[in-house]
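Here the structure comes first, spelled out in structure tokens, and everything after it is commentary.
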Amino acid sequence: MDHEDTEKGKALPSGGESVQDPQTSSDKSVADALIPQNSRAMICSSTIIWKEMSTVSCWEPSCPPIVSREEWGARLPKKRQDLTTPVPLVIIHHTYSPPACHSLEDCKKALVEIQNFHMNDRGWDDIAYNFLVGDEYLFMGRGWQTVGAHAKGFNNNSIGICFIGDYREEIPSPRMLILGSALIKFGIDNHFISANYKLIGHRQVRNTECPGEAFYNVIKTAPSWGPMDNSPSPSNVTGNQGGS
Ligand SMILES: [Zn+2]
């Protein structure tokens, strides 16, 4: 499942997370700190950019909806670490598994599955990503102000956005691309993401196929995309891995 390191066979060193959450915080502070800081109302104030990633231009995105942790049934994280913002990087992932979800209920199940995998199997503190994108909704992962565990070595200066599904041969739906774009626009407007941020695929900082060949080819066409120095060569490791 999900993420990083999981996949197929090749056990990637679970990176990221090892670096994260060094601090020990009390349960109370964790609970307080993890309440989603970006409410639906805040997200509704955003507008869309990044339409270049989409092949559709007719959607009127006045309010990209985001499903809170409470709404999707998230467990409390074990720990968390503050993310220094604005971050210069936005790192795009796909889940590879679970597959794309097409209803809110299915997407919520996918989120729970991913979080359980990350916390139980990977031993991470929480679901690895800052945000996830489903067919109709955005989902709150660690949010804007908590260090993720999605890209080892880069978690402290990036926001990780995971598109639910396997995008090796297909690309996310236009709606998903617009939701992702809206999320980034919101992050820029609210200074969580640098205005001159660089958009990259996970494979640019990790030996992984993530976010899928087809999706990565789309990402590379975005004006905000940029190369990384010393990028690892793409591997056969599929999706979600890598992370942290
Ligand atoms: Zn990834």
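Values quoted throughout were computed directly from the atomic coordinates according to the rules given, and no laboratory measurement underlies them. What you see is a predicted model, and the numbers here were worked out from it, not measured in a lab. All Cβ positions, glycine included, derive from the backbone under ideal geometry; neighbour counts span all protein chains shown.
What you get for segment 128-235, charging only the Cβ of Lys and Arg (+1) and of Asp and Glu (-1), is a dipole of about 320 debye around the Cα centre. A Cα-only calculation for segment 95-244 places Rg and Dmax at 14.1, 40 Å. Residue pairs exceeding 22 angstrom between C-alpha atoms, taken from Lys78/Lys152; Lys79/Lys185; Lys185/Lys220; Lys78/Lys108; Lys79/Lys152; Lys78/Lys109: Lys79/Lys185.
Sorted ascending by nearby beta carbons within 10 Å, beginning with the fewest, Thr85, Thr208 become Thr85, Thr208.
Quote the convex hull volume per residue of segment 147-212, based on C-alpha atoms, as a whole number of Å³.
Working: hull volume 6.1 nm³, N = 66.
Expressed per residue, the convex hull around the Cα atoms of segment 147-212 is 92 Å³.
Taking K and R as +1 and D and E as -1, what net charge do the other residues with C-beta under 15 Å from the C-beta of Gly73 add up to? Numbers along the way, then the final one.
Working: positive: Arg69, Arg75, Lys108, Lys109; negative: Glu70, Glu71, Glu105, Asp106, Glu113, Asp126.
Every neighbour counted, the sum reads -2.
What does a probe at Glu136 reach in segment 104-126, counting residues whose amide N is under 14 Å from the point 7 Å along Cα→Cβ? Within reach of a label on Glu136: 104-109. Find out how many positive minus negative residues lie around Cys107, taking Lys and Arg as positive, Asp and Glu as negative, among other residues whose Cβ is under 12 Å from that of Cys107. Spelling it out: positives minus negatives among the neighbours equals -4.
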